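Just below is one structure, and these are the notes that go with it.
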Amino acid sequence: MTGGEDEVINVWSSTTYKPITQFNYGLKRVWSMHALPDSNMVSFGFDEGTVVIKIGNENPIVAFNNGKVVQLKSNEVQTFNLKLLGGSDDQSKDGEIIHP
């Protein structure tokens, strides 16, 4: 898998080195990607958000954009807004675990 400033994630064949498919989630440039060891999940970091997919299904499992998180879990869609958690007086710190 590759991604870049063209906003597209390309999936390549490891045997033929030819492109198999492309994804575009509309979140601007692709800056990072990470595969979870012993899993088929991959996360992508964009200018305007983050997406986690399961290889073989391009629909995001989790997406984050502008403070809003959308998660698919057991055929149920869960959403929460990180900007609304804790109120304006209670600022969370980087790396802090948030319980929606």
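No value in this document is a laboratory result; all are computed from the given coordinates. Source: prediction; values computed, not measured. Cβ coordinates were reconstructed from backbone atoms using ideal geometry, including for glycine residues, and neighbour counts include every protein chain displayed.
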(request) Hey, could you grab the Kirkwood Rh for the range 2-81? Inverse mean 1/r over distinct alpha carbon pairs, Å, one decimal. (result) 13.3 Å
(message) Once you keep just the Cα pairs under 8 angstrom separated by 6 or more residues, what percentage relative contact order results for the range 2-81?
(response) 17 percent
(message) Take residue 39 and residue 10, extend 7 Å from each Cα along the Cα→Cβ direction, and tell me the distance between the two endpoints in nm.
(response) 2.7 nm
(request) Pairs to check: 28/73; 28/68; 28/54. Give those whose C-alpha atoms are more than 24 Å from each other in this structure. (result) 28/73
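Please list, by residue number, every one of the trypsin sites (Lys or Arg not before Pro) in the range 1-81 that is coil in DSSP and has at most 14 other beta-carbon atoms within 10 Å.
Details: sites: 28, 29, 54, 68, 73; in loops: 28, 29.
Here the trypsin sites (Lys or Arg not before Pro) that fit, given the DSSP loop and packing criteria, are 28, 29.
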